[in-house]
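Have a look at the structure below, then the notes.
The values are calculated or read from the model by the stated rules, or taken from the named source; none is laboratory data. Bear in mind the structure is a predicted one, so any value in this text is a computation, not a measurement. Cβ sites come from the backbone with ideal geometry, for glycine too, and all protein chains shown count toward neighbours.
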Amino acid sequence: MHSQFQVATNAAPARYRGRFAPSPTGPLHAGSLLAALGSWLFARRAGGEWLVRMEDLDPPREVPGMAGRQLEDLRRFGLEPDGPVLFQSTRGPRYAEALASLVASGDAFACLCTRGDLEATGGIHHACVPEPSGRQPAWRLRLPSRELVIDDRVRGRFAENLAASSGDVILRRADGPWAYQLAVVVDDADQGITEVVRGADLLDSTPRQAWLQQRLGLATPAYGHLPVLRQPDGRKLSKSLASVPVDAGDPLPALERAWMALGQAPGVFSGAASTGQALRLALADFGPERIPARDHVLPAD
Ligand code: GLU
């Protein structure tokens, strides 16, 4: 025991590695820029690396050309990844391997229940219906009735009963596509991500992802969940507002709005003549403890 303890404490801590993982469903918008900037600031502040992963798993929802456009927009905001961009569409064999291991351990199962079959439980799957009507199986993760706790660096302690909150989630859809929950866990691990910083709309997915990590024998990274943007009237950004592209041709105002939504000090960008300069000033002044543990209401203008 003692020598194991020594090994663990003497091992060099893994170098910080963060990531931004957009889905190429449209151009970069205010919410995605916030996640990009926030995750970049955390990574740079720790002297670590920042990667970009394209979550292109759902072709019907994707818009051709958007992955390239998002990457170009990020560059115009001065946010350049430290390595090649990983495209989830290339990762099928790796996800299949993870699914096979979950099937072998009894954590994943084939399921013929359709959405219609699950109407009585609001689409949530707790057990297969006696006579499911699907023809092709989907693959689901069996989630036990167990509380899992995440210590989020922005939101604090977040606890959730795995089975009650989501039921048995899909890992692979009946029509073929891999589901976000499986792909994100496999890729965060394979890319060596030490801290996941993203929008708080994904906070309630986190215990589920931590459970999957445990079942796959993967390390659980640290997590930090950033404010979700709300309209001036307090409602969640409507689809139309949320999808308004940020203007990468005039990057400083949008960058500053994202900075303010992170609860950071006003005025830091004044005098910045370029995104490079603005980001340097931001980095020097960044205080993670100032990030609000709540949604951010956009000012009316
Ligand atoms: N692709 C997800 C999104 O665009 C983000 C996933 C994540 O950061 O874990 O909302």
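Of all residues in the stretch 10-41, exactly one satisfies the criterion of being surrounded by fewer than 24 Cβ atoms within 10 Å (Cβ to Cβ), basic (Lys, Arg) and either modelled with pLDDT under 95 or closer than 23 Å to residue 65 by Cβ (or both), namely 15. Residue 201 meets all of the listed conditions (1) over 18 Å from residue 40 (Cβ atoms); (2) surrounded by 18 or more Cβ atoms within 10 Å (Cβ to Cβ); (3) under 15 Å from the mean Cα position of the chain (by Cα) but one, namely (2). Taking the criterion of being surrounded by fewer than 18 Cβ atoms within 10 Å (Cβ to Cβ) and either modelled with pLDDT under 95 or in contact with a helix residue (DSSP H, G or I) (Cβ under 8 Å, 6 or more places away or on another chain) (or both), the residues of the stretch 162-174 that qualify are 163, 164, 165.
Scanning the stretch 42-60 for residues that are under 19 Å from residue 86 (Cβ atoms) and not hydrophobic (A, V, I, L, M, F, W, C), we see that the one that is surrounded by the fewest Cβ atoms within 10 Å (Cβ to Cβ) is 59. Within the stretch 178-215, the set of residues being acidic (Asp, Glu), within 12 Å of the ligand (Cβ to nearest atom) and out of contact with any strand residue (DSSP E or B) (no Cβ under 8 Å at 6 or more places or on another chain) comprises just one member, 201. Inspect the stretch 230-241 for any residue being over 19 Å from residue 45 (Cα atoms), away from the ligand (no atom under 14 Å from the Cβ), part of a loop (DSSP other than H, G, I, E, B) and basic (Lys, Arg) and give the result as yes or no. So far as the stretch 230-241 goes, yes, one or more of its residues are over 19 Å from residue 45 (Cα atoms), away from the ligand (no atom under 14 Å from the Cβ), part of a loop (DSSP other than H, G, I, E, B) and basic (Lys, Arg). A single entry from 108, 179 fulfils the requirement of being more than 30 Å from residue 33 (Cα to Cα), surrounded by 19 or more Cβ atoms within 10 Å (Cβ to Cβ), out of contact with any Ser or Thr (no Cβ under 8 Å at 6 or more places or on another chain) and at pLDDT 95 or above: 108. The sole residue among 219, 258 that is more than 13 Å from residue 185 (Cα to Cα) and out of contact with any strand residue (DSSP E or B) (no Cβ under 6 Å at 6 or more places or on another chain) is 258.
Yes/no per residue for (1) away from the ligand (no atom under 13 Å from the Cβ); (2) touching a residue at least 12 places away in the same chain (Cβ under 8 Å); (3) among the polar types (S, T, N, Q):
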{"residue": "16", "(1), (2), (3)": "yes, yes, no"}
{"residue": "20", "(1), (2), (3)": "no, yes, no"}
{"residue": "32", "(1), (2), (3)": "no, yes, yes"}
{"residue": "38", "(1), (2), (3)": "no, yes, no"}
{"residue": "43", "(1), (2), (3)": "yes, yes, no"}
{"residue": "64", "(1), (2), (3)": "yes, no, no"}
{"residue": "70", "(1), (2), (3)": "no, yes, yes"}
{"residue": "81", "(1), (2), (3)": "yes, yes, no"}
{"residue": "87", "(1), (2), (3)": "no, yes, no"}
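Kindly check whether there is at least one residue in the stretch 281-295 that is surrounded by 14 or more Cβ atoms within 10 Å (Cβ to Cβ) and modelled with pLDDT under 95. Scanning the stretch 281-295, I find at least one residue that is surrounded by 14 or more Cβ atoms within 10 Å (Cβ to Cβ) and modelled with pLDDT under 95, so the answer is yes. Inspection of the stretch 235-247 identifies no residue that is modelled with pLDDT of 95 or more, touching an Asp or Glu at 6+ places or on another chain (Cβ under 9 Å) and of a type outside the set (Val, Ile, Thr).
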